[in-house]
Amino acid sequence: MNAFLANLDTLLLYVFAFCALVGAVLVVVLRQPMRVAMALISTMVFLGGIYGLLGVHFIAAFQVLIYVGAVMVFMVYTIMLLDVRDPAIKGRFSRLLVPGVIGGAIFLAALVHAVNALLGRSAATAASFTLQDFSVAFLNEYWLHFELTSVLLLAAVVAALAVIKGSSRHGGETGADRRG
Amino acid sequence: MNALKLIVLLPLVGFLVNGLIGNRLGKRAVSIIGCGLPLISFAITVALFIQLGASGQPRIEAAYTWAAFGTTTFDIAFYFDRLSAVMTLIVTGVGTLIHIYSIGYMKDDDSYARFFAYLNMFLFFMLMLVLGRSLLVMFVGWEGVGLASYLLIGFWFQDPVNAKAGKKAFITNRVGDAGFLLGIFLLYHALGTLEMDRINAAFLAGPVAVSASLVGICLFIGATGKSAQIPLHVWLPDAMAGPTPVSALIHAATMVTAGVYMIARLNGIYLNAPAASQLVAAIGVATAFFAATIAIAQTDIKKVLAYSTISQLGFMFVALGVGAYGVAVFHLMTHAFFKACLFLGAGSVIHALSGEQDIRKMGGLRKRIPITYWTFLVATAAIAGIPPLAGFWSKDEILWFAFASGSGGSFLVFGIAALTALLTAFYMFRLFWLVFLGPSRMDPDVEHHVHESPITMTGVLVVLAGLSAVGGFISIPHFLEPLLPLPAVQPALKSFQMPLVALSVALGLLGLAGAWYFYGGPAGRTKAIKARFGGLYRLLAGKYFIDEAYEFFLGRPLHWISDHVFLRIGDRALFDGTLHGLAGLARGSAGVLSRVQTGNLHLYALLVLIGSFLCLVWSWAHG
Amino acid sequence: MAARREPIAVDKVQLLLSLAVAMFALGLVGVIVRRNVLVMLMCMELMLNGVNLSLVTFAQQLGSTVGAVLVFLIFVVATAEIAIAIPIVLLLVRRKRTLDLDAYSDLKG
């Protein structure tokens, strides 16, 4: 029991990692888009857990808030808007299934090998950082990036409005109007 | 210290001004600039000439270093000694007179400014030619006068015949220039310098690394082209398509004498090259005789004079070939006087007859254009060798040295030259009779408008006739003796000098008598001769069909090669084929490669995967 | 706030990085093999997450704040991207009347 509690961090890390991986595989494999969205959400949540276990709680908070709370919600909304049981789709997978999988496997092998080789060389373990370090850095050295993100978000808002305005001029028929 | 540069550059200024803004200046300003600048050059030349007479030292002016690599330099420098002085005086003096003549002759022409610009450009290059110190500067002038000649022969280029004549002149000259260039290369290779005074000194000092005869022959080939000797004489009669002042200035007085000047200048080479000198004399005398025979049968007033020029140039080369360089220059000067007078007189006749050039349609002009008549008579007598006019003195010297010179004179050369002198007198007086005397054979409407030329034209004619009359008393050979020594006369023949003078006079008078007999009398006499020697007459009138022979043996094969080898195989198959092939290759490969662009995002993503994998591998391979 | 933590051990780093590259590779494969446009978008989000994970791992290991800043910027960019991508997909679907990617081959050739 003590051993269990002593290594709880590591154990939980392994569990979360495994679950995240399972979720990722499900994203690629599941048929219906809504289920795919759910799998992705679960992956993201487990990833948030991993961040928490690593000690960067603020990033974990951002992960759940922004990714799950904004991005995936928008995604789910869109899936529900568009007709998911689109009869025009001929199956899940494209024509490049086999080359894709083979290529992906090779690529994955190469990357894993690269990662291991990399770790073999760098043995450095320096000090880690805290939220305080992060916010100080963000507002001192990286203040420009900070400001630019505001600009980027503004641009995104304007673009989205433009798309809406433009589309509403052409008449507002969307996929949701079709009922199969 | 800039006098020589001024002499050369003033005509250039005239060329630029008249050429660029001449059309806007008006004919008066163009005439003043066009004639005034050469006149100033002439004045400066006279001043320098007097100075030269006083000091005796040649004057050298360095103008510009054209190229320098290592220790060798190619300089543009001007050189003024007795020989250059004589040539420059002739070029600027006679040149200015002909410019003044052109004011009247070209009065009604639309391209008045262009004419004077080209004339000034010609003077610039000719002065570079005669004043240049090195063969390089001379060659620039050589080519430049060729260009000016081409532009002026084809001055009325709207008529394709004129343009063709200009082309023929230029191309024939270029053939000769190949030989000239070879000579220059040989000299530079052997001596390391192109400056003519140094070349002469080197050859006179002792044996040189290159055969003097070889160099002499190569340079002479260039002279054959420029001075219209066999076999490159064919351009000169066609060059008569240009305006008459051009024929007078370029194709009688100055440009065609460039070959003579060149050989006289490089006498150091020719004194040591007996083979080359013999060739020069042989070709000179052959050309003289050959051209004289053709001139007998010609019916265009300018063509007669053209062949006469070729013949007289042959005489000059005879003098050069037997070592009498000063005498050749002497004949060059007297020839400039009387030939220019003859050509300008012919121009006056053509002007009076509103463009008629066929001597069969002239006659009876004695009373109607008297000044032209009298000046033409004086010049004709000069060329025929009637004493005491200029032509007699120079031609007699040539005949004497052709006979008696210790370096190449022979009875054969003398004999042919004497026969040619007879023919010269004959055909010149024939021309004179047919143009001016006897009953009028003119077209009636031409006859109505016959008028004497304006003072700008007749004044020049009078001056030139005067020079033809008294020019012989300026003893040029004597003047040039320190520079161009006269050859030693064979002692055994010394006694023949006076009899030979008598013979020359006799030949001239005999020619006059012959022309009087045939052309002064009833027309039947010439018709009888023509009927008896019909074949010979056709041969002479057809100029021995040399142009036709060149066309057949050279022109047609070249044309065939151009068409079949260069055009069809080289240009179309090789070049176009290669380019089309390359384009086809590009098109084909583009067609194949464009199949990547399927528009399918899955494929693009797969390619991204493959690409990043390859990048990973590459970064491994290179550490 | 949290106290200073020890830097993570080497095998944990290995695990996390392997997970990160696995997510990245899976996301890329998903883009290649799935037909549905929306699913493709979600696979791209998966790729971004993988990258985020690796960044965080390295930042924690090396103690540099740059990694964390980058992660934050990736969040922002991903949000902006989705905000635009979805409307584009909506317009595309309206035109083509299907979510099948093969129908969107107008840029062929």
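The values are calculated or read from the model by the stated rules, or taken from the named source; none is laboratory data. Not measured: the values here are computed from a predicted model. Using ideal geometry, Cβ is built from the backbone for each residue, glycine included, and neighbour counts are taken over all protein chains shown.
Structure summary
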{"quantity": "The lone exception for C:VAL71 - which of (1) at pLDDT 90 or above; (2) touching a Gly at 6+ places or on another chain (Cβ under 8 Å) it fails", "calculated": "(2)"}
{"quantity": "Test: residue in the range B:134-155 that is modelled with pLDDT of 90 or more, over 21 Å from B:ILE7 (Cα atoms) and outside any helix (DSSP H, G or I)", "calculated": "yes"}
{"quantity": "Subset of the range C:27-40 that is part of a helix (DSSP H, G or I) and within 7 Å of chain A (Cβ to nearest Cβ) - its residue that is nearest to C:GLU81 (Cα to Cα)", "calculated": "C:LEU38"}
{"quantity": "Count - residues of the range B:578-622 that are closer than 20 Å to A:GLY103 by Cβ and in a helix (DSSP H, G or I)", "calculated": "23"}
{"quantity": "Test: residue in the range A:18-32 that is more than 7 Å from chain C (Cβ to nearest Cβ), without any contact (Cβ under 8 Å) to a residue 60 or more places away in the chain, among the polar types (S, T, N, Q) and not in a helix (DSSP H, G or I)", "calculated": "yes"}
{"quantity": "Residue that is of a type in the set (Ser, Thr, Tyr), at pLDDT below 85 and either in the same structural domain as B:MET362 (by TED's automatic domain parsing) or over 29 Å from the mean Cα position of the chain (by Cα) (or both), where the choices are B:SER475, B:SER504", "calculated": "B:SER475"}
{"quantity": "Scan of the range B:156-187 for residues that are without any contact (Cβ under 8 Å) to a residue 24 or more places away in the chain, part of a helix (DSSP H, G or I) and over 21 Å from B:GLY555 (Cα atoms), ordered by number", "calculated": "B:PHE185"}
{"quantity": "Scope the range C:42-90; condition within 7 Å of chain A (Cβ to nearest Cβ), over 22 Å from A:THR149 (Cα atoms), surrounded by 19 or more Cβ atoms within 10 Å (Cβ to Cβ) and not hydrophobic (A, V, I, L, M, F, W, C); matching residues", "calculated": "C:GLN60, C:GLN61"}
{"quantity": "Any chance A:MET80 is surrounded by fewer than 17 Cβ atoms within 10 Å (Cβ to Cβ), in the same structural domain as A:HIS57 (by TED's automatic domain parsing) and modelled with pLDDT of 85 or more", "calculated": "yes"}
{"quantity": "Qualifying position, being buried (at least 19 other Cβ atoms within 10 Å of the Cβ) and not small (Gly, Ala, Ser), among B:PHE69, B:PHE80, B:PHE49, B:PHE74", "calculated": "B:PHE80"}
{"quantity": "In the range C:8-59, the residues that are under 19 Å from A:PHE58 (Cα atoms) and hydrophobic (A, V, I, L, M, F, W, C)", "calculated": "C:ILE8, C:LEU16, C:LEU48, C:VAL51, C:LEU53, C:LEU55, C:VAL56, C:PHE58, C:ALA59"}
{"quantity": "Selection status of C:VAL93, within 14 Å of chain B (Cβ to nearest Cβ), without any contact (Cβ under 8 Å) to a residue 60 or more places away in the chain and either among the aliphatic types (A, V, I, L, M) or in contact with a Phe, Trp or Tyr (Cβ under 6 Å, 6 or more places away or on another chain) (or both)", "calculated": "no"}
{"quantity": "Check on B:THR193, part of a helix (DSSP H, G or I) and either among the hydroxyl-bearing types (Ser, Thr, Tyr) or in contact with a strand residue (DSSP E or B) (Cβ under 7 Å, 6 or more places away or on another chain) (or both)", "calculated": "no"}
{"quantity": "Which numbered condition B:LEU204 misses (of (1) under 29 Å from B:VAL304 (Cα atoms); (2) modelled with pLDDT under 90)", "calculated": "(1)"}
{"quantity": "Complete set of residues in the range B:357-367 that are outside any helix (DSSP H, G or I) and surrounded by fewer than 17 Cβ atoms within 10 Å (Cβ to Cβ)", "calculated": "B:ASP358, B:GLY364, B:ARG366, B:LYS367"}
